[in-house]
Amino acid sequence: MSKRFGAINVLHPIDLAIEEGEFVVIVGPSGCGKSTLLRLIAGLVGPTGGRVFIDGRDVTDAPPAERGLGMVFQSYALYPHLTVEENIAFPLKVQRLGKAEVRSRVAAVAEALDLDALLKRRPAALSGGQRQRVSIARAIVREPRVLLLDEPLSNLDAELRVRMRHEFARLHGRLGATMVYVTHDQLEAMTLANRIVVMSAGRIEQVGAPLELYTEPATLAVARAIGSPG
Ligand code: ADP
Ligand code: MG
């Protein structure tokens, strides 16, 4: 698919197939179109050309809610009038779960993200990193089969980033979810990805296993994005 904003080609026609259960990490310099690609998959914007398929179904015209995806975006908008607990539980409303089931699921993700002590607060009373953790909790509480993550750890301190990295790896293993993960962090890319997609100026430069891209970058842009020596 392709995407143009006004006169600017943000994505040139690109073609990307993601397998079920894969952990795909998208890297590339700021402004190269990573977030736009994720937003197209999510249905938050429509493509200028091309189609989006999920499970073989053409979802190009389907609204985000009908695509069965969990998402964590850079803006991580939370519902300001709801508490942390209610924010996390919100996606479960559409599933007819009992109160006890909702409470135990919320408690489990809250514990994983170190949010237990904050459950009664509202978003205005949280730091940026805490809000980001609530947004991750809300995205994973439904255990979606596909999870889109746009730099989900960018506002967190180093220690929490390491913990969350393990948490995403565990989640991937446990749920068998398909993960599409945008990051600037080479360590996150190298340790989490089954495959890395390197983007540059609205194009896909190279796609491959982490070690393959590291040892045999096709272009200088790939070497820069991956941190290959030489
Ligand atoms: P990345 O996530 O890789 O940093 P983005 O996908 O956010 O890049 O943006 C790619 C390009 O598209 C940038 O030049 C950005 O300014 C432009 N862009 C993104 N969204 C819009 C929009 N809604 N209107 C106009 N230009 C946009
Ligand atoms: Mg971005």
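Any read-out appearing in this document is the output of simple, stated calculations on the displayed coordinates, not a laboratory observation. These numbers come from a predicted model, not from an experiment. Note that each Cβ is placed from the backbone with ideal geometry, even for glycine, and that neighbours are counted across all protein chains shown.
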Name the residues in the range 1-23 that are aromatic (Phe, Trp, Tyr) and either closer than 24 Å to ALA177 by Cα or touching a residue at least 12 places away in the same chain (Cβ under 8 Å) (or both), would you?
PHE23
Selection from the range 178-225 of residues of a type in the set (A, V, I, L, M, F, W, C) and surrounded by fewer than 21 Cβ atoms within 10 Å (Cβ to Cβ) yields LEU187, MET190, ALA201, ILE204, VAL207, ALA209, LEU211, ALA218, LEU220, ALA221, ALA223
Among (1) free of Cβ contacts under 8 Å to residues at least 24 places away in the same chain; (2) closer than 15 Å to ILE136 by Cβ, LEU192 falls short only on (1)
Among (1) of a type in the set (D, E, K, R); (2) in a loop (DSSP other than H, G, I, E, B); (3) surrounded by 13 or more Cβ atoms within 10 Å (Cβ to Cβ), GLU86 falls short only on (2)
Residues in the range 38-62 that are within 17 Å of GLU19 (Cα to Cα), not small (Gly, Ala, Ser) and not in a loop (DSSP other than H, G, I, E, B): how many?
6
Is it true that some residue in the range 15-22 is within 16 Å of ligand 2 (Cβ to nearest atom) and closer than 28 Å to ALA221 by Cβ?
no
Which condition from (1) touching a Gly at 6+ places or on another chain (Cβ under 8 Å); (2) within 23 Å of ASN87 (Cα to Cα) is the one that GLY176 breaks?
(2)
For the range 10-21, state whether one or more residues are touching a Gly at 6+ places or on another chain (Cβ under 9 Å) and assigned to a strand (DSSP E or B).
yes
For the range 18-47, name all the residues that are crowded, with 20+ Cβ neighbours inside 10 Å, more than 10 Å from ligand 1 (Cβ to nearest atom) and on the phi > 0 side of the Ramachandran plot.
GLY43
Which condition number does PHE53 fail, the rest of (1) among the aromatic types (Phe, Trp, Tyr); (2) farther than 28 Å from VAL134 by Cβ; (3) under 16 Å from the mean Cα position of the chain (by Cα) being met?
(3)
For LEU92, are the conditions met, namely being more than 16 Å from ligand 2 (Cβ to nearest atom) and in a loop (DSSP other than H, G, I, E, B)?
no
(1) outside any loop (DSSP other than H, G, I, E, B); (2) surrounded by 12 or more Cβ atoms within 10 Å (Cβ to Cβ) all hold for ALA65 apart from (2)
So which residues in the range 12-64 are within 27 Å of ILE226 (Cβ to Cβ), of a type in the set (S, T, N, Q) and out of contact with any Leu (no Cβ under 7 Å at 6 or more places or on another chain)?
SER30, SER35
